[in-house]
Amino acid sequence: MAAPILVVAAALVDDLDRPARLLAARRTRPEALAGRWEFPGGKVDPGESPPEALHRELREELGVAVRLGREVVGPDDGCWPLTDRYRMRLWLGRITEGRPEPLEDHDVLRWLTRAELGDVDWIEGDLPIVAALRGYFPDSP
């Protein structure tokens, strides 16, 4: 079996210390994922560090620059298992430049409050991350 492929993503929030809203992106492709929601990001290219890849992906996909906050550490050597082939590292991030638009791979962006996190049809691999992120909102129990 081949080594897992590393992807990176951002949980873009309105405030890194006391988030009230999280940005979700609806995929347009591949067909199996079209219409489902995810965190923006993508694959790490050869020679890139994961944070460099994430900054590049967010510029390409949403047209924004961000300040990364803390990494949301996953249960599998710090990564979140998405499928048998893909592992993801995810950081909190706040937009510092630009207004997010669905430029690549997405057709709709939506800001969600903690109460609205379950209102969209998340890709299965992102569901454990969504659950973990609930604890980052200040109104968390």
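Quick look at the numbers
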item: Residue-level accessible surface for ASP76, protein heavy atoms, 1.4 Å, Å²; result: 60 Å²
item: Relative intensity, log₁₀ I(q)/I(0), of segment 40-84 from a Debye sum that treats every alpha carbon as a point, q = 0.19, 0.27, 0.32, 0.33 Å⁻¹; result: -0.69, -1.11, -1.17, -1.17
item: Signed unit charges on C-beta, dipole axis of the chain, positive-most listed residue ALA53, VAL130, LEU6; result: VAL130
item: Cα gyration tensor shape for segment 12-88, rounded if a/c is under 1.5, else prolate or oblate; result: rounded
item: Spacing of the two label points (7 Å from each Cα toward its C-beta) at ALA20 and GLU97, in nm; result: 2.7 nm
item: Solvent-accessible heavy-atom area per residue, rounded to whole Å², over the chain at 1.4 Å; result: 53 Å²
item: Nonlocal amide H pairs with ALA11, under 5 Å, H built at 1.01 Å; result: TRP91, LEU92, GLY93
item: Contact order normalised by residue count of segment 77-141, Cα under 8 Å, 6+ apart, percent; result: 28 percent
item: Cut-off under 5 Å, modelled amide H: who pairs with LEU82 long-range; result: ARG87, MET88
item: Cα-only Debye scattering, the chain: base-10 log of I(q)/I(0) at q = 0.14, 0.19 Å⁻¹; result: -0.60, -1.18
item: Counting DSSP beta bridges with both ends in the chain, the antiparallel % (nearest 5); result: 70 percent
item: Segment 1-127 - charge dipole about Cα centre, Lys and Arg +1 at Cβ, Asp and Glu -1, debye rounded to 20; result: 220 debye
item: Zone residues, segment 59-90, relative to LYS43, backbone N less than 17 Å from point 7 Å out along Cα-to-Cβ; result: 60-61, 82-89
item: Kirkwood Rh, angstrom, segment 99-141 [1 / mean 1/r, Cα pairs]; result: 11.9 Å
item: By accessible area with a 1.4 Å probe, ligands and nucleic acids excluded, highest first: order of ILE129, ILE95; result: ILE95, ILE129
item: Share of carbon and sulfur in the accessible heavy-atom surface of segment 1-139 [1.4 Å probe, %]; result: 48 percent
item: Residue among THR83, THR113, THR28 with the largest mean-square fluctuation in a Gaussian network model of the chain, springs linking Cα atoms under 10 Å; result: THR83
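The values are calculated or read from the model by the stated rules, or taken from the named source; none is laboratory data. Remember, it's a predicted structure, so these values are computed and weren't measured experimentally. Glycine gets a Cβ as well: all are built from the backbone with ideal geometry, and neighbour counts include every protein chain shown. Note: accessible area is taken over every heavy atom of the protein model, side chains too, but ligands, DNA and RNA are not part of it. Shrake-Rupley method; radii C 1.70, N 1.55, O 1.52, S 1.80 Å.
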